[in-house]
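To start, the structure under review is shown below, and the notes come after it.
The values are calculated or read from the model by the stated rules, or taken from the named source; none is laboratory data. Predicted model, so just to flag it, every value in this text is computed and none were measured. Accessible surface is based on the protein model in full, side chains and every heavy atom, while ligands, DNA and RNA are left aside. Shrake-Rupley method; radii C 1.70, N 1.55, O 1.52, S 1.80 Å.
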Amino acid sequence: MNPAINLIDVTAGYDSTIVFTHLSLKIHAGQFAGIVGPTGCGKTTLLKTILGVQPVLSGEVLLNTQPANSVPGKKIGYVPQLESVDWSFPVTVEEVILMGLYTNKRSLPWQSREEREQVHELAEKLGIYNCLRQHIAHTSGGQRQRAFLARALINNPQFLVLDEPTSGVDIRTQHEVLHLLGDINSQGMTILLTTHDLNAVASHLPWVICFNNGVVAEGRPCDIFTNEILAKTYGSEIVIIKHGEYYLIANSTPLKLNHNP
Ligand SMILES: Nc1ncnc2c1ncn2[C@@H]1O[C@H](COP(=O)(O)OP(=O)(O)OP(=O)(O)O)[C@@H](O)[C@H]1O
């Protein structure tokens, strides 16, 4: 079977920076995979390359055997890093979701009844029906994440690509978002995301790709999250605390609490 996403010997980057060279990576249909790696190692650039918005310098990116830049945008549902979104933009949650439906040909005020019903159905499914009329800036981090997820899903894409869906929200919301993505994946959606949260990956994702300007290792979290692979990925020691079958990965050096008054 052909991979859903197939990078073949890809070199990509910007005018001033080559971010990765000769990268080959396959994501299979139905896979739920997370890319982890240090800040600036090229995770977002990799997603942009898959989305076809970042031109490759050499090599090829195929989506279901078609070149990525020839695949209509609607085939890929994309959730950007929400930290990059301008929250002062005057839109409601409902309008954010509707934006997913519009191409350059249509403007926002004119939605059909079917389109509204489609939005309401999806909002109900994602648990944000009650905040559809709320200004997006007045919603919680978890509700925003769900609103942008709905915007990405509204066109029934073949793949879902998310840039750091677990950042900027508390631990409980992180788990809720990943649980929701797990449910969407179990209905057949191929999902690729980036995250800095190794523990969330370890507990929710079946497949992890350790990245640092290239693939360091990939596999099941239980095989991949070793001191050796994490040190190679992050360039410094990452402490893994094991308790029976439970793992806790310390993203920073353990601290000794200050007991001084
Ligand atoms: N538009 C751009 N123009 C030039 N260089 C860029 C651009 N965007 C990113 N870079 C550079 O490319 C490299 C990879 O950046 P990228 O955003 O892909 O990393 P990342 O792993 O997603 O980082 P983070 O975890 O902080 O989001 C960095 O050195 C960054 O400075």
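Things worth noting here:
- Share of alpha-carbon pairs per 10 Å distance bin for the range 84-187, given as whole %: 14, 49, 32, 5, 0
- Full extension of the chain between residue 99 and residue 114 yields a length gain of 3.9 nm, computed as 0.36 nm times the residue separation minus the alpha carbon distance.
- List 113, 151, ordered by accessible area with a 1.4 Å probe, largest first: 113, 151
- log10 of Debye I(q)/I(0), alpha-carbon scatterers only, for the range 15-142 at 0.19 Å⁻¹: -1.23
- Taking 0.36 nm per residue of sequence separation and removing the Cα-Cα distance, the residue 69/residue 91 pair yields an extension gain of 5.0 nm.
- Taking every protein chain into account, the 1.4 Å probe leaves residue 28 with about 80 Å² of accessible area, to the nearest ten.
- Nonlocal Lys pairs with alpha-carbon distance under 25 Å, the range 5-250 (8 or more apart, or different chains): 17
- Semi-axis lengths, largest first, of the ellipsoid equivalent to the chain are 31, 25, 17 Å, with √(5λ) applied to each eigenvalue of the Cα gyration tensor.
- Counting only the Cα atoms, the range 124-233 fills a convex hull of 117 Å³ per residue.
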